Amino acid sequence: MWFKEIILETDRIKLIPIRETHKNELISASRDGDLSGLWFTFIPESDSFDSYIAKAIDDFKEDKGLAFVVIDKKSNTIIGTTRYTNATPEHRRLEIGFTWYAKTYQKTYVNTECKLLLLTHAFEVLKAVAVEFRTNWYNFQSRNAILRLGAKQDGVIRNHQIMPDGSFRDTVIFSIIESEWPTCKRSLQYKMTL
């Protein structure tokens, strides 16, 4: 198994493996900003969280990923989720995705700190050679956040997925490769001091 259950943390946030018992707190976090109502991303409705969490746990059992809940340490509440996903351990590649935070925590230190934790573990412990990020073409906030991490755009897969409303999603793919990681890490650490 490439993935092992771990806890990652900074002074302000903690990432712990997702469990069924986190359902109600995740629903509460998703209501801050009515995130499930966003048409350009996949954040489950309240009645879909059981399958959302079950899929994350199944992916871990199959060594395809590891999902976390994001905890604000000051309030000791779950404020969102993120995960390693679409992993191919034989090629030492993975994606960081399914990331969302309660509206209150968007455009704050949270995303920078989460990504620093996840990328450090991916490159320095898992020895990944590349980490991908994927988002909807129309999710401009996400695209800009990924670029701020230091990732580079690899391309766009057109008509990549069919959305719940039947529309087609064009997926923008970004990545950070092993040789870029030291500079990206330095940049993220600097941003945490601002």
Out of the range 5-33, which residues are without any contact (Cβ under 8 Å) to a residue 60 or more places away in the chain and not in a helix (DSSP H, G or I)?
Ile7, Lys14, Ile16, Pro17, Arg19
Go through (1) within 17 Å of Thr41 (Cβ to Cβ); (2) more than 11 Å from the chain's Cα centre (by Cα); (3) surrounded by fewer than 22 Cβ atoms within 10 Å (Cβ to Cβ); (4) at pLDDT 95 or above and name the single condition Arg92 misses.
(1)
Mind checking which residues of the range 98-135 are among the basic types (Lys, Arg) and closer than 20 Å to Asp32 by Cα?
Lys103, Lys107
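What tally of residues in the range 75-101 results from selecting those that are touching a Lys or Arg at 6+ places or on another chain (Cβ under 8 Å) and either small (Gly, Ala, Ser) or within 21 Å of Ile53 (Cα to Cα) (or both)?
In the first step, residues of the range 75-101 are kept if they are touching a Lys or Arg at 6+ places or on another chain (Cβ under 8 Å); the result is 85-87, 92, 95-99.
Next cut, either small (Gly, Ala, Ser) or within 21 Å of Ile53 (Cα to Cα) (or both) only: 85-87, 95-99.
The total comes to 8.
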Starting from the range 58-82, keep only residues that are farther than 23 Å from Ser28 by Cβ and touching a residue at least 40 places away in the same chain (Cβ under 8 Å), then list their pairs with residues that are of a type in the set (Gly, Ala, Ser) and part of a strand (DSSP E or B) whose Cβ atoms are within a distance under 6 Å, requiring at least 6 positions of separation or different chains.
Gly65/Ala87
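The values are calculated or read from the model by the stated rules, or taken from the named source; none is laboratory data. In this text the structure is predicted, and so the values were computed from the model without any measurement. Glycine also receives a Cβ, built like all others from the backbone with ideal geometry; neighbour counts cover every protein chain displayed.
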